[in-house]
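Input: a single structure, listed below in structure tokens.
Nothing in this text is a laboratory measurement; each read-out follows from the coordinates by a stated rule. On a predicted model such as this, the values are computed, not experimentally measured, just so you know. We place every Cβ from the backbone using ideal geometry, glycine too, and count neighbours over all the protein chains shown.
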Amino acid sequence: MATIKVRQNGSLLVEGDDVTLIDWNGNPYPLAKRPFALCRCGHSTKKPFCDGSHSRMGFAAAEAALGPDAADKPAV
Ligand code: FES
């Protein structure tokens, strides 16, 4: 099973051994390590992977999942 974790003010962390990341042509990206992080800020120089640029750019995102059992609060 794969899990995608939305990091607060950061990347999308993809966990799981049964995950293949493919481009628009269906070609797989080589995955040097697992878990791996995908950029969602748009500033990475290694897209689709996160290179840590989100911190330098001050990326902010407050999309915490809220539900009856949510343990986290929205980012501020
Ligand atoms: S989310 Fe990390 S560089 Fe974009």
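Where a ≥ b ≥ c are the square roots of the eigenvalues of the C-alpha gyration tensor, would you call the chain rounded, which needs a/c under 1.5, or, failing that, prolate if a/b is larger than b/c, or oblate?
Judged from the Cα gyration tensor, the chain comes out oblate (a/c at least 1.5, b/c at or above a/b).
Pull up all non-local amide H partners of A37: gap of 5 or more, or a different chain, and H-to-H distance under 5 Å with H placed in the peptide plane.
Those lying under 5 Å, H to H, from A37 are V14, C50.
Please compute the contact order of the chain in relative form: average sequence separation of alpha-carbon pairs under 8 Å and at least six residues apart, divided by the residue count, as a percent.
With pairs under 8 Å counted, the relative contact order is 26 percent.
How about the chain: which trypsin sites (Lys or Arg not before Pro) there are in a DSSP loop, with at most 12 other Cβ atoms within 10 Å of their Cβ?
K33, K46
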